[in-house]
Amino acid sequence: MNIEMINAAATRLSNLVRCTPLLNSPVIDKLAGRRVWIKPECLQITGSFKFRGAWSAISALNPEVRTRGVVTFSSGNHAQGVALAAQTFGAPAIIVMPTDAPQTKIMSTKKMGAEVILSDRDRKHQEQIVAELSSERGLTIIKPFDNAEVIAGQGTIGLEIAEQARKCGVTEAEVLICCGGGGLLSGIALALEAKAPRLQCRSVEPQGFNDMARSIALGDYVRNMYTSGSICDAILTPEPGKLTFPIIRRLCGSGLVVSDEDVLRAMVIAFEQLKLVVEPGGAVALAAILFQISEIKGDDVICIISGGNVDAGVFVNALTQFGMEND
């Protein structure tokens, strides 16, 4: 992985993905005690950053290989990205999704033309199904994060951040990033290393599923004990990726951890102050900025809101519990 791959992915993605802005809110600045710059990838095509990596990977395939189709496993956001990219190229796509994935993600993936196979959340079982389908049908596996072209696609966000931060006068800051397997974090870290090295990335994860933070602290791979049990379904992975972790260990600072309750509060604040609809897994970085204030350094901090594909019931629950509490 290198900056040349990210630049090439940016070329393939140009005039296709949305260059999401850096947003700022005086109320959020006050709550956080510093200037907060929010990059809302919840406004991206398919509702999350995952379309960048999916398009990067599928567009990089040999056309003959691509025509045979692709297969992957995902809790929903990568699923939708792969489904739309494959549909655009006229290629079949099969997605293995957990039975407890949000219904909005399952239905959206189907509407984009993909065949959805529901399975339990056990990653090894999902990977086995994907491997069998790939072998039987000649499909190319597009892994959610352990794929170099996927990482390159996510890294295009880092290229945008470097330019946007420069225009905002931000030359030094921590960049807080929602983290599952680390595709988004590693891609952005590589881009910023080349384009804005004084912007340092840090992972943010939900309590009980902070395998990346623990792995960074130890310097080696640490697995989560459980595969479910948090509202942050989009970022519940068993352990850091084999491709992503070496990059993260080299380039990123210590990881942060937030509670599900603080995630719900962050979702409400994003809605009230920025008019953004954010899913739980997409809100963990904002939650850290708001509720882990002492763990963050500097006068400026940059935050990725990574997705907005939230089930209505979860969003209503957040608003019911915590709406308007910060007035």
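The values are calculated or read from the model by the stated rules, or taken from the named source; none is laboratory data. Owing to the predicted nature of the structure, the values given are computational and were not obtained by experimental measurement. Cβ placement follows ideal geometry from the backbone for every residue including glycine, while neighbour counts extend to all protein chains displayed. Just so you know, the surface numbers come from the protein's heavy atoms only, side chains and all, with ligands and any DNA or RNA stripped out. Shrake-Rupley method; radii C 1.70, N 1.55, O 1.52, S 1.80 Å.
General remarks:
- Residue list for segment 270-289, restricted to those being aliphatic (A, V, I, L, M) and crowded, with 24+ Cβ neighbours inside 10 Å: Ala270, Val278, Ala283, Val284, Ala285, Leu286, Ala287, Ala288, Ile289
- Test: Thr109 is without any contact (Cβ under 8 Å) to a residue 40 or more places away in the chain and not acidic (Asp, Glu): yes
- Residues satisfying the stated conditions in segment 269-327, i.e. in contact with a Ser or Thr (Cβ under 6 Å, 6 or more places away or on another chain), of a type in the set (Gly, Ala, Ser) and assigned to a helix (DSSP H, G or I): Gly282
- Options Ser259, Ser254: the member that is closer than 20 Å to Gly180 by Cα, of a type outside the set (D, E, K, R) and open to solvent by 50 Å² or more (accessible area, probe 1.4 Å): Ser254
- Residue pairs whose Cβ atoms lie under 6 Å apart, sitting 6 or more positions apart in sequence or on different chains, and linking a residue in segment 146-164 that is under 18 Å from Val82 (Cβ atoms) and crowded, with 24+ Cβ neighbours inside 10 Å to a partner that is modelled with pLDDT under 95 and aliphatic (A, V, I, L, M), are Ile151/Met1.
- Number of positions in segment 114-144 that are in a strand (DSSP E or B) and either in contact with a helix residue (DSSP H, G or I) (Cβ under 8 Å, 6 or more places away or on another chain) or loosely packed, with under 12 Cβ neighbours inside 10 Å (or both): 6
- Whether a residue is under 22 Å from Ala287 (Cα atoms), open to solvent by 10 Å² or more (accessible area, probe 1.4 Å) and either within 17 Å of the chain's Cα centre (by Cα) or touching a residue at least 60 places away in the same chain (Cβ under 8 Å) (or both) was assessed, and Glu172 passes this test.
- Residue count, segment 229-246 (criterion: touching a helix residue (DSSP H, G or I) at 6+ places or on another chain (Cβ under 7 Å) and either outside any loop (DSSP other than H, G, I, E, B) or among the charged types (D, E, K, R) (or both)): 6
- Subset of segment 192-219 that is assigned to a helix (DSSP H, G or I) and farther than 25 Å from Cys232 by Cα - its residue that is least open to solvent (accessible area, probe 1.4 Å): Leu192
- Pairs where the first residue, in segment 286-299, is touching a residue at least 60 places away in the same chain (Cβ under 8 Å) and at negative phi and the second is surrounded by fewer than 18 Cβ atoms within 10 Å (Cβ to Cβ) and of a type in the set (Asp, Glu), C-beta under 8 Å, 6+ apart: Ala288/Glu295
- Every pair of residues 6+ apart whose Cβ atoms lie under 7 Å, when the first sits in segment 85-96 and is of a type in the set (Phe, Trp, Tyr) while the second is part of a helix (DSSP H, G or I): Phe89/Ile58; Phe89/Arg66
- Of the helices (runs of 4 or more DSSP H) contained entirely in segment 1-96, those carrying at least 1 residues that are under 13 Å from Gly153 (Cα atoms) fall at 3-13, 50-59, 77-89.
- From the options Ile248, Ile231, Ile188, residue that is touching a residue at least 12 places away in the same chain (Cβ under 8 Å), under 18 Å from the mean Cα position of the chain (by Cα) and open to solvent by 10 Å² or more (accessible area, probe 1.4 Å): Ile231
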